[in-house]
Amino acid sequence: MTKTQRIRLWLFLLAAVMFVSGGTVFYAGMQILSHEDTRAHSTDEWRDELGKQLTLSPDQDQALGLVLQEQRGKTDKVITAAEKDLEQLGMETRDRILEILEPEQKSKYQKLSGGK
């Protein structure tokens, strides 16, 4: 394999890694964001459905509301931690990619990746 072919192979592999890692981080981030938009609405719907189907008393409905509110708070904490982990994963991936690049490739990579 010639030097040019090796370089082309490395560039192809680099592009593939960037595509897969970027796509994975993007997909996970979108899942979290879309979940965040519907979380409060679905919790309220669940509470209403339980209240109707189980014929809850006002005291039970109030207690259920508190349980679901607490659960929502815990869920928010888990999602916030996941968002931080995804951001960290993205930074680690970027740093590892930068480690294998030559100086002129680094500047091109930074332009391709939005200057990050």
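The values are calculated or read from the model by the stated rules, or taken from the named source; none is laboratory data. Quick caveat, the model's predicted, so the values are computed rather than measured. Cβ coordinates were reconstructed from backbone atoms using ideal geometry, including for glycine residues, and neighbour counts include every protein chain displayed.
When D95 is tested against (1) outside any helix (DSSP H, G or I); (2) modelled with pLDDT of 85 or more, exactly one condition is not met: (1). Selection of the range 23-62 for residues being at pLDDT 60 or above and among the small types (G, A, S) yields A28, G29, S42, G51, S57. Here G114 clears all of (1) in contact (Cβ under 8 Å) with a residue 24 or more places away in the chain; (2) exposed (fewer than 13 other Cβ atoms within 10 Å of the Cβ) except the condition numbered (1).
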